[in-house]
1. In Å², what does the accessible area per residue of the chain work out to with a 1.4 Å probe?
2. Only Lys, Arg, Asp and Glu count, each charged at its Cβ (+1, +1, -1, -1), so figure out the dipole size of region 59-125 about its Cα centre, rounded to 20 debye.
3. Taking amide H positions as placed 1.01 Å from N in the peptide plane, with prolines and chain starts having none, which residues 5 or more places from LYS34, or on another chain, fall under 5 Å of its amide H?
4. Could you give each residue of region 110-117 its phi-based ³J(HN,Hα) in whole Hz, using Karplus coefficients 6.51, -1.76, 1.60 with θ = phi - 60°, and x for Gly or Pro?
5. Can you give me the long-range amide H partners of CYS99? Hydrogens built in the peptide plane at 1.01 Å from N, cutoff under 5 Å, separation of 5 or more residues or another chain.
6. Starting at the first residue of region 96-107, write each ³J(HN,Hα) from the Karplus equation 6.51 cos²θ - 1.76 cosθ + 1.60 with θ = phi - 60°, in whole Hz, x for Gly and Pro.
7. Sum up the charges of everything whose Cβ sits under 10 Å from the Cβ of GLY106, counting Lys and Arg as +1 and Asp and Glu as -1, but leave GLY106 out.
8. List, in order, the whole-Hz ³J(HN,Hα) value for each residue of region 25-35 obtained from phi through the Karplus relation with A = 6.51, B = -1.76, C = 1.60 and θ = phi - 60°; use x for Gly and Pro.
Amino acid sequence: YSSRIFISREDVHRRRVTNRGELMDELNNLGFEKYILSELDYSEQVRLFSQAEFIIGAHGSGLINGLYSNSVDTIEMYADRYTAAIYEIFQSIGHEYACLQCIPRGKDLEVDVDQLSNLIISMEN
């Protein structure tokens, strides 16, 4: 497994990234790999996230798997509504966290890829 994880929601019906191709081109250049969590059983998800160093994903329950990591940087993407639940949990255990507001596209979201890339780089420094 890659230590740089992008949680894809392409298998669900909301909070999918509408510009996924452009996003994945940039994330691949930065060493990230895409994972569809519904394709992994529980033990595979634990192994994946236990060695994670960086997680990116749209708001959703998959992000909470960062709890399996000792130390992880996380970027949570959201469109029109933000809840601080992931932030509060990760903050309480010392994980680095940032959020990125995206453009709402119906039930989905469009990511400003340059803005995300800059956020990743700033968290790495």
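1. Heavy-atom SASA per residue in the chain reads 53 Å².
2. Taking the Cα centre of region 59-125 as origin, the dipole is about 220 debye.
3. PHE6
4. 10, 9, 7, 4, 5, 5, 5, 4
5. Close amide H contacts, sequence-distant or interchain: GLU76.
6. 6, 9, 9, 10, 10, 6, 10, 8, x, 10, x, 8
7. +3
8. The phi angles translate into 4, 5, 5, 4, 4, 9, x, 8, 10, 8, 10 Hz.
The values are calculated or read from the model by the stated rules, or taken from the named source; none is laboratory data. Please read all numbers here as calculations on a predicted model, not as lab measurements. Glycine gets a Cβ as well: all are built from the backbone with ideal geometry, and neighbour counts include every protein chain shown. For the accessible areas, the whole protein counts, side chains as well, though only heavy atoms, and no ligand, DNA or RNA atoms are used. Shrake-Rupley method; radii C 1.70, N 1.55, O 1.52, S 1.80 Å.
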